[in-house]
1. Output the residues belonging to the range 297-333 that are among the polar types (S, T, N, Q) and out of contact with any helix residue (DSSP H, G or I) (no Cβ under 8 Å at 6 or more places or on another chain).
2. Looking at (1) part of a loop (DSSP other than H, G, I, E, B); (2) modelled with pLDDT of 95 or more; (3) crowded, with 18+ Cβ neighbours inside 10 Å; (4) not small (Gly, Ala, Ser), which is the only condition ARG109 fails?
3. Answer with yes or no whether GLY416 is surrounded by 12 or more Cβ atoms within 10 Å (Cβ to Cβ) and under 35 Å from the mean Cα position of the chain (by Cα).
4. When ARG324 is evaluated against the numbered criteria (1) buried (at least 19 other Cβ atoms within 10 Å of the Cβ); (2) under 30 Å from ALA237 (Cβ atoms), which criterion, by number, is the only one it fails?
5. List the residue pairs whose Cβ atoms are under 8 Å apart, where the first residue sits in the range 396-408 and is surrounded by fewer than 10 Cβ atoms within 10 Å (Cβ to Cβ), the second is basic (Lys, Arg), and the two are 6 or more positions apart or on different chains.
6. Out of all the residues in the range 424-431, is one or more charged (D, E, K, R) and either closer than 30 Å to GLU313 by Cβ or in contact with a helix residue (DSSP H, G or I) (Cβ under 9 Å, 6 or more places away or on another chain) (or both)?
7. Are there any pairs with C-beta distances below 7 angstrom linking a residue in the range 260-286 that is not assigned by TED's automatic domain parsing to the domain that holds SER199 and of a type in the set (Ser, Thr, Tyr) to a residue that is assigned to a strand (DSSP E or B) and surrounded by fewer than 16 Cβ atoms within 10 Å (Cβ to Cβ), with the two at least 6 apart or on different chains, and if so which?
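The values are calculated or read from the model by the stated rules, or taken from the named source; none is laboratory data. Please read these numbers as outputs of a predicted model, since none were measured by experiment. Heads up, the Cβs are rebuilt from the backbone with ideal geometry, glycines too, and the neighbour counts pull from every protein chain shown.
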Amino acid sequence: MPSLDKAIAIVKRLRAQGHESYLAGGCVRDMLLKKTPQDYDITTSAKPDDITAIFPQTVPVGAQFGVMLVVDDGEPFEVATFRHDGPYLDGRHPSQVRYGSLQEDILRRDFTINGMVYDPVADRIIDQVEGKKDLERRSIRAIGDAYQRFDEDRLRMVRAVRFAAGLDFTIEEKTCAAIRTLAPTVGQISWERIGDEISRILTEGSARRGFELLDATGLLPQIMPEIAAMKGVEQSADYHPEGDVFTHTMLLLSHLQAPTETLAYGCLLHDVGKPVCIQREGERLTFYGHTDKGAAMAEAVLKRLKRSRATWERVAYLVRGHLRHTQAPNMRLATLKRFLGEEGIDELLELTRIDALSSNGDFQYYRFCKQRIEELKEEGIHPAPLLRGRDLLALGFAPGPVLGEILKQVEEAQLGGELSSREQALAWVAEHYGNEVKR
């Protein structure tokens, strides 16, 4: 955890050199909410050159904006010079920056709950924007003119949603109106920054409320139109008494508890293919092919959000396979072992559990798979190979594709319980492939 004592020591050292210095931003908000801050940021009248001269180890992470990292025993603290920003011409960066006063620095920040500073020497909160009142009102309110704040950085619109969801606050009326008006412009900023915020909404708690707020503010169809398209897509009442695909998906999000990024996106996107695959056969609704279609769509969504290859590959696996467990009781033993031995099986089964919890509550296939994993244990699902390529070469087989085919068939027989020893495997190979030996 970050060290408050070290942060206060940095503040005091800056003060000793004649500079104003305070703790600022989210850490002040979290301390007032009796939450442990994720980090401690410091704002100061000291300029980057002053900071470099005072502290032995610094890193200029944004010196052009007056932002330095002070590293204390391996722990980094962001130390930023009071500044005033000029006009924002690209929805992200100020066209010019000049060093300013504490008040100017406060007024350029995003939301009132993030605009307070704390003087640890005098043990007092400096609040020029009524941030404490908004904490009491449980309200996310932009500092000053909301349109100007969001015009400066479009990402603040998504951050407003994340803060409101994570803190269980509401978005103040004028701030919310500005988001609704400016939502169509959110795509003007980096998709990687948007993706980072969406991932935090999904994994830091209150994912369902976060996505409902994205929908209510008009951001959802701009950022993830594939999720917005789920609204009004009916499902068969026997399988989905809860309602349409969007309602079902929001229920999944409500059951997430500290999920991995991949499980969270898997739950969000598992039925993303349904709106484009829906067909009506008499009184019955079908979604044939929605798992494969959904996997391709999920991959495209995550690439747009600039998630890592490992993330979109795992999520595509989850979306494509989220109904495979229903076939598990009918699988041959070898096929079942391969399925239950897949690298992502734990996340896949957790997705199926949450999926059932959010629909008709049918856990029979999930329980079957969990029971068989317990029965088979690790050695049964991932047994050591009975034979390797060198064994076949020693028998006189020539190098080539036939070796891989033979080893695959031996593994299949081993997983199916037909072979259990090296001797049996050698005899099996001699019986089935003896005529292919080349001496």
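1. Once the filter is applied, which keeps residues that are among the polar types (S, T, N, Q) and out of contact with any helix residue (DSSP H, G or I) (no Cβ under 8 Å at 6 or more places or on another chain), the range 297-333 yields SER308, GLN327, ASN330.
2. ARG109 satisfies every listed condition except (2).
3. Considered against the rule, which asks whether it is surrounded by 12 or more Cβ atoms within 10 Å (Cβ to Cβ) and under 35 Å from the mean Cα position of the chain (by Cα), GLY416 comes out as no.
4. (1)
5. Once the first residue is surrounded by fewer than 10 Cβ atoms within 10 Å (Cβ to Cβ) and sits in the range 396-408, no partner that is basic (Lys, Arg) comes close enough.
6. The answer is no; no qualifying residue exists.
7. So the pair list comes out as THR286/GLN279.
Matching residues to (1) assigned to a loop (DSSP other than H, G, I, E, B); (2) surrounded by fewer than 17 Cβ atoms within 10 Å (Cβ to Cβ):
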position: LYS231; (1), (2): yes, yes
position: SER236; (1), (2): yes, yes
position: HIS240; (1), (2): yes, no
position: THR249; (1), (2): no, no
position: ASP271; (1), (2): yes, no
